[in-house]
Amino acid sequence: MENSTQVKFFYLFGLQETFNNKSVYFTLSLITYLLIITVNMTLIITIIQQKGLHEPMYIFLCSLCVNGLYGTAGFYPKFLLDLQSDVQVISYGGCLTQACVIYTSVTCEMSTLTVMSYDRYVAICRPLLYHTIMTSLTVRKLLLLSWCYPLFVALIALSLTARLPLCGSRIDKIFCDNPSILKHACLPITINQIWSRCLIVVHVLQLLFIVFSYCQIVRTCVKSSKGRIKFTQTCVPHLITIFIFITVTLFDTLQGWNNVNSTLNMRNAMAVQFLIIPPVLNPLIYGLNLQKIRRAVFRKCNTHKIIDMRR
């Protein structure tokens with residue numbers, strides 16, 4: 001405690017190996033962020049405007065895209081500014097805010113994917129009861145749960161972190177996260193570790209629920225050709241999304257291990273995969289595989305072309 005100080009700023013040292021290529025990284029990052037905004041906004045606007053897409057599956061997909069925009073908004077603007085600066089600094093409050101946004105986004109992604117798996121389970125395994133179970137009220141409750149629960153756990157986690165005095169201000173990443181801040185705690189972080197383990201248990205239970213749902217879905221679908229077609233059209237994109245999300249979040253977990261021997265650029269690349277791949281691929285995967293969305297997007301594009309031609 002003698003060396004503890006009131007930290008007002010954190011220094012991000014994740015860009016130390018990119019000084020000679022900052023313009024390249026800036027261009028690629030800007031293009032990626034604009035692509036994320038474009039593909040997600042296209043899907044969100046399409047689902048909102050098309051009344052035929054006001055169904056639970058598409059509403060949850062819209063929520064997934066909103067979360068993609070929310071999470072990347074907590075990273076890319078600051079990262080783009082850092083690429084234009086000689087020193088990468090973030091305020092204490094800004095660091096906690098960024099960590100909270102990214103933390104909430106990751107947890108919300110998992111919650112939304114869990115809700116989507118439940119929707120697919122009811123649609124395929126209980127088709128006659130689908131509209132009875134998945135009412136508009138139920139959909140609103142599930143949406144509220146998928147957003148409020150992540151925000152709640154993120155605020156608790158950051159509150160437990162904010163109470164700790166810090167003995168350092170160096171973060172060896174290109175963005176703030178809770179574990180990086182906790183490394184500088186001057187007091188034991190036992191409560192934080194217990195809270196994190198409880199959340200890990202919850203996430204494992206969510207994953208087990210998804211696995212159970214799809215075991216039931218597969219068992220139902222193999223019985224008929226119609227079920228197999230429905231599985232291919234609506235469940236395969238969801239399974240691909242889940243696989244991508246779990247893989248990229250594992251990258252971020254692995255790069256945090258002390259025994260991983262890799263360059264700083266490699267660790268950064270592993271750490272930001274969940275902020276690049278899911279926000280880009282989720283709308284594309286669903287947009288290309290779900291016929292209703294694909295037709296709605298193409299119809300909208302053709303309408304704009306006809307209007308432009310008339311002008």
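Within straight cross-link reach of residue 51, meaning Cα distance under 27 Å, which lysines are found once same-chain residues fewer than 8 apart are removed? Once the sequence-local lysines are set aside, what remains near residue 51 is 141, 226, 230, 292, 300, 305.
The residue list 287, 144, 68 was ranked by how far each Cα lies along the charge dipole of the chain toward its positive end, using unit charges on Cβ atoms, and 287 comes out on top. When the Gaussian network model of the chain links Cα atoms closer than 10 Å, the mean-square fluctuations of 186, 65, 108 top out at 186. Which one, 205, 9, 127, projects farthest toward the positive side of the charge dipole computed for the stretch 9-310 from Cβ point charges (K/R +1, D/E -1)? Working it through, the farthest residue towards the positive pole turns out to be 127. One chain, two ends: residue 149 and residue 8. Fully extended at 0.36 nm per residue, the span grows by 47.8 nm beyond their Cα-Cα distance. The length gained on full extension between residue 132 and residue 295, counted as 0.36 nm times the residue separation minus their Cα-Cα distance, comes to 55.9 nm. The charge dipole of the stretch 9-310, taken about its Cα centre with unit charges on the Cβ atoms of Lys, Arg (+1), Asp and Glu (-1) only, comes to about 1320 debye. Judged by the mean number of other Cβ atoms found within 10 Å, the most tightly packed of the peptides 242-249, 119-126 leads the ranking 119-126, 242-249.
Long hydrophobic helices in the chain: the complete DSSP H runs spanning 30 Å or more by Cα along their own axis with mean Kyte-Doolittle hydropathy of at least 1.0 are 22-49, 136-162, 190-221. Annotation for the stretch 179-224 versus the stretch 127-155: alpha-carbon center distance of 18 Å. Could you bin all the Cα-Cα distances of the chain into 20 Å bins starting at 0 and give me the percent of pairs in each, rounded to whole numbers? The percentages, shortest bin first, are 29, 53, 17, 1.
Packing around the peptides 140-147, 40-47, taken as the average count of other Cβ atoms within 10 Å per residue, puts them in this order, highest first: 40-47, 140-147.
Bear in mind these aren't lab numbers, they're just calculated from the coordinates by the rules spelled out. Small disclaimer: the values here were computed from a predicted structure and weren't measured. With ideal geometry, Cβ positions are generated from the backbone for all residues, glycine too; neighbour counts draw on all protein chains shown.
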